[in-house]
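> Please find one structure pasted underneath; my questions will follow.
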Amino acid sequence: MFEAVHAHPDGAATVARHAKTAAEYGFDGIVVRNHGDALAEFDAEEVADRYDVDVVEGVEVRADDPSRASGFVGNHRDSRTVVAVHGGTDAINRFAVEQPAVDVLAHPMAGDGDVNHVIANAAAENGVRFEFSFRRVLRADGGQRVQAIRGLRKLRELVEDADAPYVVSAGPRSHLHLRAPRDLVAVGETLGFTAEQVETGLAEWGRIVERNRRIQGDSFVEPGVYRASVDDEE
Amino acid sequence: MKHLPKHLQPRWRYLAVELEGWPDASFGRGTFQRDLWFAAQNLVGDTGSAEVDLSVLRFAFEDGAGHAIVRARRGETDRARAVLACLDAVDGDEVGVRVRGVSGTVRACEEKYIRSPPEPTDQRNVVFENAERRAVARDGRIDVRTDDAFVGATELDL
């Protein structure tokens, strides 16, 4: 299971500190999804070796309008394993689900954002994952939290109906915001998710990483076609 | 009042909880208990709070690290976990919370899951992002004091 974190300078803990804590909490890896204007500098391999946890370079593209977002996605797609889009407005949500190059539409229900059956079906078709962000459930209270829980429920109903892919995250911005997988499952259950849904959502980050590494690897030519050396035939 | 016969006594489970905070975080058992009850009420309501019936039995927290043993009704440990996960701050100090394990007795819980005592902290000057800063170190974790807040780092970042 993976968690997707915002590291310093986009958050209050460095990549290494997130990795150390995530390893202790039982995660298999972290995806560093800093916003495009606050990228972290780190040596993923060094951190991964030290704390025995996978460290993945990602990005969360944040832009006000779809055309700029599209440019940012293009800039980051080749160099980063996971590309997410900072959702939360109708225009950006619609843009993200129509782009197969986007891996994850982050927190689509935040702010003024909304999702309907058309968006959910487009996401299912293009393989763009919706993020169920537990961030405001864990860290807000009162009306904001009620709104967040209502949003999660609506999104869950649409995702189930369209059979759209999804990820789950606590949206941590420091090591103190991280929560262990089992604790997130317990939170999910109080919100009406099944344990399997939360586990699938946490594991989905890992599947994105595995798939994109394969595609970005040297041996990939096109779906179903790989370059292999002749010696392998024996 | 005379205590209940054994088969009518409530059955409890004990959750070993690991706490982490910034080095300047400071709160006591009473505050932790109060904020835990608020968290329960906010997440599962009055009826849920009564069913889970959380109380803090052991508590230690100093210099941004500590642990607690929290008692919950048997069969309600998942909801107790959820409430603990939603505890984001105690007395205004941000905390990281993790349930290390669940046991049927306080003693088993302490022996199995609580590492005691926490390692002592060590104050030192470090160079972080090309600037000299004060920092608090413990067990490879280093909290660097920047102009307005702390940044969580490790020895790899220096």
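Every read-out reported here was derived from the displayed coordinates using simple, explicitly stated rules and does not represent laboratory data. Given the structure is predicted, the values throughout are model-derived calculations rather than measurements. For neighbour counting, all protein chains shown are included, and Cβ atoms are generated from backbone atoms with ideal geometry for every residue, glycine included.
> Could you list all residues from the stretch A:192-213 that are surrounded by fewer than 18 Cβ atoms within 10 Å (Cβ to Cβ) and under 18 Å from residue A:128 (Cβ atoms)? Give the steps one after another, and end with the answer.
Quick first cut of the stretch A:192-213, residues surrounded by fewer than 18 Cβ atoms within 10 Å (Cβ to Cβ) only: A:192, A:194-196, A:200, A:203, A:207, A:210-211, A:213.
Answer for the stretch A:192-213, where residues must be surrounded by fewer than 18 Cβ atoms within 10 Å (Cβ to Cβ) and under 18 Å from residue A:128 (Cβ atoms): A:200, A:203, A:207, A:210, A:211.
> Return yes when residue A:213 is in contact (Cβ under 8 Å) with a residue 60 or more places away in the chain, more than 9 Å from every other protein chain (Cβ to nearest Cβ) and on the phi < 0 side of the Ramachandran plot and no when it is not.
yes
> So, of the residues in the stretch A:179-218 that are assigned to a helix (DSSP H, G or I) and among the polar types (S, T, N, Q), which turns out to be farthest from residue A:26 (Cα to Cα)?
Once the filter is applied, the top-ranked residue is A:216.
> Within the stretch B:2-24, how many residues are within 14 Å of another protein chain (Cβ to nearest Cβ), more than 13 Å from the chain's Cα centre (by Cα) and under 30 Å from residue B:120 (Cβ atoms)?
Count: 2.
> Filter the stretch A:60-111 down to the residues that are loosely packed, with under 15 Cβ neighbours inside 10 Å and out of contact with any helix residue (DSSP H, G or I) (no Cβ under 7 Å at 6 or more places or on another chain) and list them by number.
Once the filter is applied, which keeps residues that are loosely packed, with under 15 Cβ neighbours inside 10 Å and out of contact with any helix residue (DSSP H, G or I) (no Cβ under 7 Å at 6 or more places or on another chain), the stretch A:60-111 yields A:64, A:67, A:68, A:71, A:74, A:75, A:78, A:79, A:111.
> Of the residues A:55, A:31, A:47, only one is within 20 Å of residue B:156 (Cβ to Cβ), hydrophobic (A, V, I, L, M, F, W, C), outside any helix (DSSP H, G or I) and within 12 Å of chain B (Cβ to nearest Cβ); which? Show your work before the answer.
Working: A:31 fails: within 12 Å of chain B (Cβ to nearest Cβ); A:47 fails: outside any helix (DSSP H, G or I).
Only one candidate passes the filter, namely A:55.
> So is residue A:78 in contact with an Asp or Glu (Cβ under 9 Å, 6 or more places away or on another chain) and away from chain B (no Cβ under 14 Å) or not?
Numbers: in contact with an Asp or Glu (Cβ under 9 Å, 6 or more places away or on another chain): no; away from chain B (no Cβ under 14 Å): yes.
Here the answer is no, as residue A:78 does not meet what is asked.
> Taking the stretch A:122-140, which residues are of a type outside the set (D, E, K, R), closer than 19 Å to residue A:2 by Cα and not in a helix (DSSP H, G or I)?
Hits for the stretch A:122-140 are A:127, A:128, A:130, A:132, A:133, A:134.
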